[in-house]
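Student: One structure is given below, represented as structure tokens, and several questions about it will come after.
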Amino acid sequence: MFHLVSSGFIPACRIIGVSLDELDADGLRKIAREAIDQFSSHKVNEADWTAFSATLEYVPMSAGPVALKAAVDAAEASLAGESRRLHYLSVPPVAALPAVRLLAEAGLVDRSRVIMEKPFGTDFASAVSLNARLHEVFAEEQIFRIDHFLGKEAAQNILAFRFANGLFEPIWNRNFIDHVQIDVPETLGLGTRSGFYEATGAFRDMVVTHLFQILGFVAMEAPTSLEPAPISEEKNKVFRSMSVIEPRNVVRGQYAGYRSEPGVDPESDTETFIALKCGIDNWRWAGVPFYLRTGKRLAEGQRIISLAFREPPKSMFPAGSGVGAQGPDHLTFDLADASKLSLSFYGKHPGPGMRLDKLSMQFAMHDTGWIGDVLEAYERLILDAMRGDHTLFNTAEGIERLWQVSLPLLESPPPVRLYQPGSWGPMSIHQLIAPHAWRLPF
Ligand code: BG6
């Protein structure tokens, strides 16, 4: 919010923080300043900070709906003209409905939009029920189910890359693509989030949300336009065609030492790692495996999508020439903030004979001078929600279908296997992907 306000995207606003903590406005300002100092990618201008900090107010939950309404009324009275409200529910699934009810009791529904954080529900039944309860208070066009991976520049670049060029779309299918990997290992541990993480785990925290949404962008058909409804419809068609996640196609892991982290059950069964194979049973993708992996305390922090091309029908290169030795040719999207895209292929190594090496063509956002224009994922999405643009948000139907696809796994999860912090996960991830191999580490 500080960046959006200080760079002029939001001309005037008031921000009211609400939580269980017994803070006051100065307490919130202190937290905000520390967060900006720690995480801001821009240098903080003190005049901007002074102006921004004056927009911050705080109401503890314990003060109740009447105090919240009074704070909102006072904030609105200090702004010229009629204002709009954006409620951002950055709360775990169990607190989502109580927060919505609080807004209803406070009379803060009209002129309002609401952003719901992921995970939306914890399984199919809870997501269906949450949508139904939510619709009793807010109309669908007021609801923004956020998934910050879709706000990443590189994720949106998948759409530009696929549909603004003639080169790749003709081969973007089962006839040319052998398999797809969506791989998001993290070096991060739990931080201060053990309470949230214990109840959530890697599948709900990352896969049913971020990784499946990215899969939607990779696999969807061309929408009729870039409007929200056609994009959601094409993504939802992918989700409808997804086969259910079979427990035998899943590796759940937990890093050694997780059970002794503060706030973690010493017998916890929560997975801190997950790798799975899934498929999309439609004309474009039938038979093409999609491999997804993510986890905490792994060897490297990466966010890549890699499409491996099929082998050529016949190889005339002699054994030992190096062809295929470094895996198939690939197209790889790197979802980092400074995103990259690379096409790896075999080419001739200079000198006598025919020795082949893996080469690559790359686009790196760093080299373009565009990097200063990048809005962080949450900045982009909050701005879109303020403008009422649903394009990069999820629909009730899409989310419910993803929970439905996950039912067999959630009902019979395979046991967690231990892995060493700093590794790439349990050893069985190699059997899961065989005869292919994980693209990472590069
Ligand atoms: C969040 C998850 O949604 O995404 C975290 O709750 C995870 O566990 C994070 O670390 C990853 O986001 P990013 O943008 O840093 O890749």
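The values are calculated or read from the model by the stated rules, or taken from the named source; none is laboratory data. Quantities reported herein were computed from a predicted structural model and do not represent experimental measurements. Glycine gets a Cβ as well: all are built from the backbone with ideal geometry, and neighbour counts include every protein chain shown. Ligands, DNA and RNA are excluded from the accessible area calculation, which covers all protein heavy atoms including side chains. Shrake-Rupley method; radii C 1.70, N 1.55, O 1.52, S 1.80 Å.
Student: Full extension from L20 to N175: what is 0.36 nm times the residue separation minus their Cα-Cα distance, to one decimal in nm?
Tutor: Result for the pair: 50.4 nm of gain on full extension.
Student: Label points 7 Å out from Cα along the Cβ direction at L407 and S243: separation in nm?
Tutor: 1.7 nm
Student: A further question follows. Quick one: work out the % antiparallel among DSSP beta bridges in the chain, nearest 5.
Tutor: 60 percent
Student: May I ask you to give the solvent-accessible area per residue for segment 183-269, in square angstrom, as obtained with a 1.4 angstrom probe?
Tutor: Accessible area per residue, segment 183-269: 39 Å².
Student: Heavy-atom accessible area per residue, segment 100-162, 1.4 Å probe: how many Å²?
Tutor: For segment 100-162, the solvent-accessible area averages 33 Å² per residue.
Student: Please list E186, E105 from largest to smallest accessible area, probe radius 1.4 Å, with all protein chains kept in place.
Tutor: Output order, biggest surface exposure first: E105, E186.
Student: What is segment 293-442's relative contact order, in percent, from Cα pairs under 8 angstrom and six or more apart in sequence?
Tutor: RCO, segment 293-442: 21 percent.
Student: Let me ask something additional. When the solvent-accessible surface of protein heavy atoms is calculated with a 1.4 angstrom probe, in what order do V323, V94, V184 fall, highest first?
Tutor: From most accessible down to least: V94, V323, V184.
Student: To test your reading of the geometry: what angle, between 0 and 90 degrees and rounded to tens, separates the Cα axis of helix 93-105 from the longest principal axis of the chain?
Tutor: The two axes meet at around 30 degrees.
Student: Here is a further query. How far, in nm, would the chain grow between V66 and C13 when pulled straight, counting 0.36 nm per residue and subtracting the alpha carbon separation?
Tutor: Length gained, V66 through C13: 17.0 nm.
Student: Which shape class, rounded, prolate or oblate, goes with segment 329-442 when its Cα gyration tensor gives a ≥ b ≥ c as root eigenvalues, a/c under 1.5 marks rounded, and past that a/b bigger than b/c marks prolate?
Tutor: oblate
Student: Then there is this: Taking Cα centroids, how far is segment 164-178 from segment 244-297 in Å?
Tutor: Cα centres, segment 164-178 to segment 244-297: 28 Å.
Student: Can you give me the relative contact order of the chain as a percent, contacts being Cα pairs under 8 Å and 6 or more apart?
Tutor: It rounds to 19 percent for the chain.
Student: I'd like the distance separating the alpha-carbon centroids of segment 334-374 and segment 402-435, in whole Å.
Tutor: Rounded to whole Å, the Cα centres lie 31 Å apart.
Student: Carbon-plus-sulfur fraction of the accessible area of segment 98-228, 1.4 Å probe, in percent?
Tutor: Answer for segment 98-228 is 56 percent, counting heavy atoms of protein chains only.
Student: Return one whole number: the accessible area per residue of segment 335-442 in Å², for a 1.4 Å probe.
Tutor: With all protein chains present, segment 335-442 gives 53 Å² per residue.
Student: For segment 268-308, list residues with backbone N below 16 Å from a point placed 7 Å from the Cα of Q420 toward its Cβ?
Tutor: Backbone N within reach: 297-300.
Student: So which chymotrypsin sites (Phe, Trp or Tyr not before Pro) in segment 206-297 pass both tests, a DSSP loop state and at most 11 other Cβ atoms within 10 Å of the Cβ?
Tutor: W283
Student: Something else now. Just how much of K118 is accessible, in Å², when a 1.4 Å probe is used and the result is rounded to the nearest 10?
Tutor: Per-residue accessible area (K118): approximately 30 Å².
Student: Can you give the angle from 0 to 90° between the axis of helix 153-163 and the longest principal axis of the chain, with both taken from C-alpha atoms, to the nearest 10?
Tutor: 50 degrees
Student: Pairing the Cα long axis of helix 396-405 with the longest principal axis of the chain, what angle in degrees results, from 0 to 90 and rounded to the nearest 10?
Tutor: So the inclination is approximately 50 degrees.
Student: Taking square-rooted eigenvalues a ≥ b ≥ c of the alpha carbon gyration tensor, is the chain rounded, prolate or oblate, where a/c under 1.5 means rounded and, failing that, a/b exceeding b/c means prolate?
Tutor: Here the chain falls in the prolate category.
Student: Further question on the same structure: What is the calculated FRET efficiency for F442 to M354, with r their C-beta to C-beta distance and R₀ = 25 Å, to the nearest 0.05?
Tutor: For R0 = 25 Å, the calculated efficiency reads 0.50.
Student: In whole angstrom, note down how far apart the Cα centers of segment 207-243 and segment 26-94 are.
Tutor: Going from one Cα centre to the other spans 34 Å.
Student: What dipole magnitude, in Debye to the nearest 20, does the chain give about its Cα centre under +1 on Lys/Arg Cβ and -1 on Asp/Glu Cβ?
Tutor: 1380 debye
Student: Pairs of alpha-carbon atoms within less than 8 angstrom and 6+ residues apart define the contacts here; what relative contact order does segment 339-400 have, in percent?
Tutor: Result for segment 339-400 is 24 percent.
Student: Looking at the square roots a ≥ b ≥ c of the eigenvalues of the Cα gyration tensor of segment 1-67, which shape do they give, rounded for a/c under 1.5, prolate if a/b is larger than b/c, or oblate?
Tutor: It comes out prolate by the Cα gyration axes.
Student: Can you tell me the FRET efficiency between V137 and A286 if r is taken as the Cβ-Cβ distance and R0 is 60 Å, rounded to the nearest 0.05?
Tutor: That gives a FRET efficiency of 0.90.
Student: How far is it, in nm, from the label point at S41 to the one at A299 when both lie 7 Å from their Cα along the line to the Cβ?
Tutor: Those two pseudo-labels are separated by 2.7 nm.
Student: OK, next. Hey, rough spin-label estimate for L343 and R101, points 7 angstrom out along Cα→Cβ, what's it come to in nanometres?
Tutor: Once both label points are built, they end up 5.6 nm from each other.
Student: Still on this structure, please answer the following. Using 0.36 nm per residue, how much length does the chain from D73 to I31 gain when fully extended, once their Cα-Cα distance is taken away?
Tutor: Roughly 12.7 nm would be gained on extension.
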